[in-house]
Amino acid sequence: MPSTHYINKYIPPLNFSPVISTEVSLYRSGYPMAINYSFIMDQLHLKTVVYIGDKEDLLPEYASFLEREQIRFVHIPMDSCRDTGINERIDAVLRMIVDVDNYPMLLHSNKGKHRVGIVVGIVRKILQGWSIASIYQEYGLFSGGMKDETDLEFITMFVSHLEIYKDKLPKFVRM
């Protein structure tokens, strides 16, 4: 009897989850690896990937994948919420998020915990009107319970100077 090999070709990246899945699709995750590419390509149909992290160079196979699939890649350098100029960098991510032309979009950091957690927390606070308690709970869920009090304080105190253009605004934004 011939053996049957089942290959799971749809393996999402570490800490993958939808953030928004209404008329647009916004996702979060850790750094995608080669085993995740078919999931990204066949299931997500991404237009934009935003890497929020400290690595200067992409892994060569990741760069090739993005180029081959014609996925726009944006790197927002971030080590922590204490970085100089971090408010401007967060606003740069928010500018992409409030433009429907960038969707479907994936936000990722190295592990999909703290840096992406900060950005998603700010999206929840500023663009969706979530309570701080709910934001903290979601942050804790994705950080594996390892809450960074500095990150939570940053989310709480963050004020955006973002200019919004209503003709490009996704419907999930509550403003």
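The values are calculated or read from the model by the stated rules, or taken from the named source; none is laboratory data. This structure is a prediction, so every number in the text was calculated from the model and none was measured. Positions of Cβ are backbone-derived with ideal geometry, glycine not excepted, and every protein chain shown enters the neighbour counts. Protein only, heavy atoms only, side chains kept; ligands, DNA and RNA dropped before computing areas. Shrake-Rupley method; radii C 1.70, N 1.55, O 1.52, S 1.80 Å.
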Single residue of the stretch 29-57 satisfying the filter (of a type in the set (A, V, I, L, M) and open to solvent by 50 Å² or more (accessible area, probe 1.4 Å)) that is nearest to residue 142 (Cα to Cα): 33
Take the residues in the stretch 19-28 that are open to solvent by less than 60 Å² (accessible area, probe 1.4 Å) and either of a type outside the set (Phe, Trp, Tyr) or on the phi > 0 side of the Ramachandran plot (or both), then tell me which one is farthest from the chain's Cα centre (by Cα). 24
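Only one of 83, 79 is of a type in the set (D, E, K, R) and in contact (Cβ under 8 Å) with a residue 12 or more places away in the chain; which?
Sole residue among the options that is of a type in the set (D, E, K, R) and in contact (Cβ under 8 Å) with a residue 12 or more places away in the chain: 79.
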Residues in the stretch 81-88: is at least one open to solvent by 50 Å² or more (accessible area, probe 1.4 Å), acidic (Asp, Glu) and in contact with a helix residue (DSSP H, G or I) (Cβ under 9 Å, 6 or more places away or on another chain)? no
Residues of the stretch 145-170 that turn out to be among the basic types (Lys, Arg), closer than 17 Å to residue 95 by Cβ and free of Cβ contacts under 8 Å to residues at least 40 places away in the same chain, as a count: 1
Which residues, taken from the stretch 145-165, are open to solvent by 100 Å² or more (accessible area, probe 1.4 Å), of a type in the set (D, E, K, R) and modelled with pLDDT under 85? 163
Does the stretch 99-113 include one or more residues that are out of contact with any His (no Cβ under 6 Å at 6 or more places or on another chain), over 30 Å from residue 9 (Cβ atoms), surrounded by fewer than 20 Cβ atoms within 10 Å (Cβ to Cβ) and of a type outside the set (Gly, Ala, Ser)? yes
May I ask you to list the residues in the stretch 14-37 that are closer than 25 Å to residue 168 by Cα and without any contact (Cβ under 8 Å) to a residue 60 or more places away in the chain? 18, 21
Is there any pair with a first residue in the stretch 123-144 that is open to solvent by 10 Å² or more (accessible area, probe 1.4 Å) and a second that is assigned to a loop (DSSP other than H, G, I, E, B) and among the hydroxyl-bearing types (Ser, Thr, Tyr) whose Cβ atoms are under 6 Å apart and which are 6 or more apart or on different chains, and what are they? 126/160
Closer than 14 Å to residue 13 by Cβ, touching a His at 6+ places or on another chain (Cβ under 6 Å) and either of a type outside the set (Val, Ile, Thr) or not in a helix (DSSP H, G or I) (or both): which single residue out of 62, 37, 51, 27 fits that description? 51
